[in-house]
Amino acid sequence: MSGERTRAIRAGLNSDKTWNAVIPPVSLSTAYRREEAGVKPAYDYARTGNPGRDTLAQAIGELEGAQGTVVTASGMAAIDLLLHDLPFGARVICSHDAYGGTRRLLDARANGGRLLPVYVDTADLDAVETALAEPVALVLVETPSNPRLRISDIRAISALAREAGAETAVDNTVLSPILQRPIELGADYSVQSITKIINGHSDMVGGAVSCRSATRAEQLAWWANCVGVGGGAFDAYLALRGLRTLPVRAREQGKSAARIAQWLQQDERVARVDYPGLDSHPGHTLATTQQSGFGQLISIELAGGVADETVNRLALFSLAQSLGGVESLVNIPAKMTHASMSPEARLEADVPDHLIRLSIGLEDAEDLIADLDQALG
Ligand code: PLP
């Protein structure tokens, strides 16, 4: 098997049989002509499948070590896809500090009685075990969690869940399959918001569910077609272009993030730095056993609990709610990415109003440090 950089770069190259284009062309057609009514061609209707989306799914699946991957219209569609065939009223354990939109989705499904979400600090194995004492269908773990970057033990949780008859899905958005491969660690699914570091250029929205089981991948592809949440052809083209440089970007952004986290930690204007690459991070040792890098996200609390004024003084970090792009972003989760969570839920997940999340891009780390330095005042 070739290395991850080779696989990412070569994905789908030279597959065009019409013109021998090196880069696979985008197929925007909604419909594909049949030779005969009763003979189904490889593609017949774009909701069901299109060649570019399949190439992207294959590339992500190979990087995740999956038996099959379904590419969806967004990261939320990918998470929702996992919920479609759960029994009515099924209990779903979810990391208590998962992305705000994930909690909003589970809470919305709970309102209709479709599901019963149970929010647990999945970094605490005893808490997971206690929650598994009652029947559970799915354990949805976000690790590192966003924004607190808590680390949950994928191997241990997958084993506990399997013993209890539950499946485990890991939201792997923060790290991508370059820095963490949940299926190889025992999980049943690895979920991605492709919108983030996989695409990396902040110009499309997409998601993916990679599956340990080929049968489950087929079932989820059936659901994606049934409810119409498969990814679009042009978005797949953009994401595949981004994915070619994913291994290089993920590692370079991680290197800058480590440098910046260290700088922030020694600065007395900063009261707390959450970055799993720091020795002081409570999940650092565990992270080194299941991650091959620490990613591009850093969360900080400033001395005096200020946030807005400092964030507004930043020039090289755009105030915007995404992560993983080549451009650095700053976000105040309580007012932006996690605003849909109730104040009580934010308190429980320890997402205070003054928490600041930085997504480190590919600018020069020294320039980013100089910008933080002037903004800290
Ligand atoms: N999972 C995580 C960890 C996220 O940060 C996000 C979005 O911010 C999502 C899922 C949802 O992805 P999307 O915005 O592509 O629907």
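The values are calculated or read from the model by the stated rules, or taken from the named source; none is laboratory data. Worth saying up front: this structure is predicted, and the values here are computed from it rather than measured. Note: ideal-geometry Cβ built from the backbone for every residue, glycine included; neighbour counts use all protein chains shown. The protein model used for the area step is the full one, side chains on, heavy atoms only, and it has no ligands, DNA or RNA in it. Shrake-Rupley method; radii C 1.70, N 1.55, O 1.52, S 1.80 Å.
For the pair R313 and D279, label points projected 7 Å from Cα toward Cβ lie 3.1 nm apart. Taking the Cα centre of the chain as reference, the dipole from Cβ charges on Lys and Arg (+1) and Asp and Glu (-1) amounts to some 1180 debye.
Hey, with R₀ at 30 Å, roughly what FRET efficiency would A108 and T288 work out to, going by the Cβ-Cβ distance, to 0.05? Efficiency computed from Cβ-Cβ geometry: 0.25.
Note on the range 309-373: along the principal axes its Cα atoms extend 38, 23, 15 Å, ordered by decreasing extent. Extension gain, T30-A127: 0.36 nm per intervening residue step, less the Cα-Cα distance, totals 30.1 nm. What do you get for the angle between helix 233-243 and the principal long axis of the chain? Use alpha-carbon atoms, 0 to 90 degrees, nearest ten. Tilt relative to the chain: about 50 degrees.
Among H201, H354, H284, the sequence by solvent-accessible area, most first, with a 1.4 Å probe is H201, H354, H284. In the context of the full set of protein chains, the chain has a per residue accessible area of 42 Å² (1.4 Å probe). Report, in whole Å, the centroid distance computed from the Cα atoms of the range 79-108 and the range 292-358. Answer, in whole Å: 23. Summing +1 for each Lys or Arg and -1 for each Asp or Glu among the other residues whose beta-carbon sits under 9 angstrom from that of E142 gives -1. Shape summary of the range 4-243, radius of gyration then Dmax from alpha carbon positions: 18.2, 59 Å.
With a 1.4 Å probe and all protein chains left in place, how much of the accessible area of the chain comes from carbon and sulfur atoms, in whole percent? It is 53 percent, rounded to a whole number. Exposed loop sites were defined as chymotrypsin sites (Phe, Trp or Tyr not before Pro) in DSSP loop states (anything but H, G, I, E or B) carrying at most 13 other C-beta atoms within 10 Å; in the chain the longest segment without such a site runs 89-377. Charge tally around R313: other residues with Cβ under 14 Å, Lys/Arg +1 each, Asp/Glu -1 each, net -3. Per residue, the convex hull around the alpha carbon atoms of the range 247-376 comes to 107 Å³. Compute the long axis of helix 246-265 from its Cα atoms, compare it with the longest principal axis of the Cα atoms of the chain, and write down the angle in degrees, 0 to 90, nearest 10. Computed tilt is about 10 degrees.
Other residues lying with their Cβ under 13 Å from the Cβ of G49 contribute a combined charge of 0, Lys and Arg counting +1, Asp and Glu -1. Principal-axis analysis of the Cα atoms of the chain puts helix 365-376 at an angle of about 50° to the longest axis.
Treating r as the C-beta distance of V227 and H201 and R0 as 30 Å, the FRET efficiency rounds to 0.60. Structural descriptor for the range 4-243: relative contact order 25 percent, calculated from alpha carbon pairs under 8 angstrom and at least 6 residues apart.
Residues within the reach of a label modelled at H354 (point 7 angstrom out along Cα to beta-carbon, backbone nitrogen below 18 Å), restricted to the range 289-317, are 299-314.
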